[in-house]
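*Asks:* Here it is, the structure, as structure tokens.
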Amino acid sequence: MMVTCPKCLDEANVTVDLDDGDTLRCQECEEVYSVADVEAVVACWAKLLPWLRAHPARVPECAAPSAAKVA
């Protein structure tokens, strides 16, 4: 499956060790990591995403009006 590797950040084919179902290997950088490692990355971003989505620059009704130049 092509996903972003949490180690090298490249989109790569990631394989799963079917013996344990927890060991993942990036075919691009050859790093080995676990499902818990991926969950930790997702959890960190999940905390930040609500703030990013609500940032005033992203919400049109909150955006500051353009500053008019005074001659």
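The values are calculated or read from the model by the stated rules, or taken from the named source; none is laboratory data. Quantities reported herein were computed from a predicted structural model and do not represent experimental measurements. Cβ atoms come from the backbone with ideal geometry, glycine included; neighbour counts cover every protein chain shown. Each accessible area value is taken on the protein alone, full model and side chains, heavy atoms only, with ligands, DNA and RNA left out. Shrake-Rupley method; radii C 1.70, N 1.55, O 1.52, S 1.80 Å.
*Asks:* Considering only 21, 35, 60, whose Cα is most displaced toward the positive end of the charge dipole of the chain, charges sitting on Cβ of Lys, Arg (+1) and Asp, Glu (-1)?
*Replies:* Farthest along the dipole direction, towards plus: 60.
*Asks:* Continuing with this model, one more query. Of all accessible surface on the range 1-59 at a 1.4 Å probe, what whole percent is carbon and sulfur?
*Replies:* Numbers: 2580 of 4480 Å².
Carbon plus sulfur share of accessible area: 58 percent.
*Asks:* Please build a GNM for the chain, connecting alpha carbons under 10 Å apart, and tell me which residue among 30, 39, 61 fluctuates the most.
*Replies:* Looking only at 30, 39, 61, the biggest GNM fluctuation is shown by 61.
*Asks:* Under the rule of -39500 (n - 2.57) per DSSP H run of 4 or more residues, summed and divided by the residues of the chain, what mean residue ellipticity at 222 nm is obtained, to the nearest 500 deg cm²/dmol?
*Replies:* Rounded to the nearest 500, it is -9500 deg cm²/dmol.
*Asks:* While we're looking at this one, here's another question. Highest GNM mean-square fluctuation, the chain, Cα pairs closer than 10 Å: which of 59, 41, 16?
*Replies:* Answer for the Gaussian network model of the chain: 59.
*Asks:* Averaged per residue, what accessible surface does the chain expose to a 1.4 Å probe, in Å²? Mind dumping the intermediate values first?
*Replies:* On the way: 5840 Å² over 71 residues.
Accessible surface, normalised per residue, equals 82 Å².
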